[in-house]
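> Can you read through this structure? Questions will come right after.
The values are calculated or read from the model by the stated rules, or taken from the named source; none is laboratory data. Quantities reported herein were computed from a predicted structural model and do not represent experimental measurements. Here the Cβ is made from the backbone with ideal geometry for all residues, glycine too, and neighbour counts use every protein chain on show. Please note that ligands, DNA and RNA were not included when accessible areas were found on the heavy atoms of the full protein model with its side chains. Shrake-Rupley method; radii C 1.70, N 1.55, O 1.52, S 1.80 Å.
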Amino acid sequence: WYQRRVREAVVSTQSTGSGGINAEYGRDGTPCQTLRTCDCGPETCNAAGMYANQYEDHLMAICPAGKGLAAFIAEGMGGMTAAMMAPKGFYEKAFDITKRYGGVNIMDEVQTGFGRLGTHFWGFEYHGVKPDIITAAKSIGNGFPLAMCITTPEIAEAFANSSLHFNTFGGNAIASAAGHATLKAIDDDGLMENCRVVGNHFLEGYNYLRDKYDNVGDVRGKGLMMAMEFVETKETMKPLPLYKVNAILERAKDLGVLFGKGGIYVNCLRIQPPMCTTIADAEFTIQVLDKVLAELAEGLLDVESFNPNK
């Protein structure tokens, strides 16, 4: 049954918005809230139902017979979409829809797993759902090449009885030892709690920068999975052009901090430092961003040398 599904439709999330959420109820467990207000309650978000309806509308187009869906795959918090957080209740609704169309629910925990969010070991736990399949990699080996897949006995048996996959190095002793040592360090060093404490310090600093600079449109995140969005102005919320974002990144690099970038318009800093990052590291990062954003606001940052149209 699961083998046949491989040839059929798989739906993944590109990004999920923050919903119409306010500072009191919106993004649980984080000091970074949206600047807008709404009438959502403490346990639900009005946007969740609208996103779920869009998901089902999509399925009705690609699976008109009400079946044929292989899987729905998503992240506990958007990675390349720069820490976008799904509205409360969306995944619960989406998982139910997936089952009605005959699919399985997959959560990609490559970036959100192993305690990075600070309050939950897995991103799906934050959303209160139970996926059929969990995938994870990268941080599980702390630099050693290692990945994993966790699933139900039924799905695992169907996979094991197929001839669709072969892995020469799967489950080797060295990789397993590296993964075990990493998990032990996460527990022994209290890294999930460190993500919560240091992450909140980062995010409070980002709130300060958002209030101070017109080019910072949104700051968001949970634990040590964070993002800062750059815009032309808060009034327009138009994404800052990529060449200006690149100028910010290069200046920050010269001052000692490396950032990644992402988001649909590639106008966001993706900020996911090591889980052992300290308060001192956070303070230094905030100071560097403060300096670079001040230079941008005062016209002192050389952005035109990055302009491809110049």
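> Checking LEU258 against (1) outside any loop (DSSP other than H, G, I, E, B); (2) of a type in the set (A, V, I, L, M, F, W, C); (3) more than 17 Å from GLN33 (Cβ to Cβ), which single condition isn't satisfied?
Status for LEU258: all satisfied but (1).
> For segment 106-123, check the following and say yes or no: at least one residue is touching a strand residue (DSSP E or B) at 6+ places or on another chain (Cβ under 9 Å), over 27 Å from VAL219 (Cα atoms) and open to solvent by 20 Å² or more (accessible area, probe 1.4 Å).
yes
> Checking the structure you have, find out if any residue of segment 161-177 is at pLDDT 95 or above, at negative phi and surrounded by 18 or more Cβ atoms within 10 Å (Cβ to Cβ).
No; the residues of segment 161-177 include none that is at pLDDT 95 or above, at negative phi and surrounded by 18 or more Cβ atoms within 10 Å (Cβ to Cβ).
> Moving to a separate point now. With the condition kept exactly as written, say whether any residue in segment 155-165 is within 18 Å of the chain's Cα centre (by Cα) and closer than 25 Å to LYS67 by Cβ.
First, pick out the residues of segment 155-165 that are within 18 Å of the chain's Cα centre (by Cα): none.
Checking segment 155-165: not a single residue is within 18 Å of the chain's Cα centre (by Cα) and closer than 25 Å to LYS67 by Cβ.
> Right, something else. What is the number of the single condition among (1) assigned to a helix (DSSP H, G or I); (2) touching a residue at least 60 places away in the same chain (Cβ under 8 Å); (3) closer than 19 Å to LYS291 by Cβ that ASP214 does not meet?
So the condition that ASP214 fails would be (1).
> Another one. Of LEU209, LEU249, which residue is assigned to a helix (DSSP H, G or I), surrounded by fewer than 20 Cβ atoms within 10 Å (Cβ to Cβ) and free of Cβ contacts under 8 Å to residues at least 60 places away in the same chain?
Values: LEU209 fails: free of Cβ contacts under 8 Å to residues at least 60 places away in the same chain.
Answer to the check: LEU249.
> Here's something else I'd like to know. Is there any pair linking a residue in segment 51-67 that is closer than 15 Å to PHE95 by Cα and open to solvent by 90 Å² or more (accessible area, probe 1.4 Å) to one that is among the acidic types (Asp, Glu) and not in a helix (DSSP H, G or I), with Cβ under 9 Å and at least six apart or on different chains, and which?
Hits for this filter: LYS67/GLU8.
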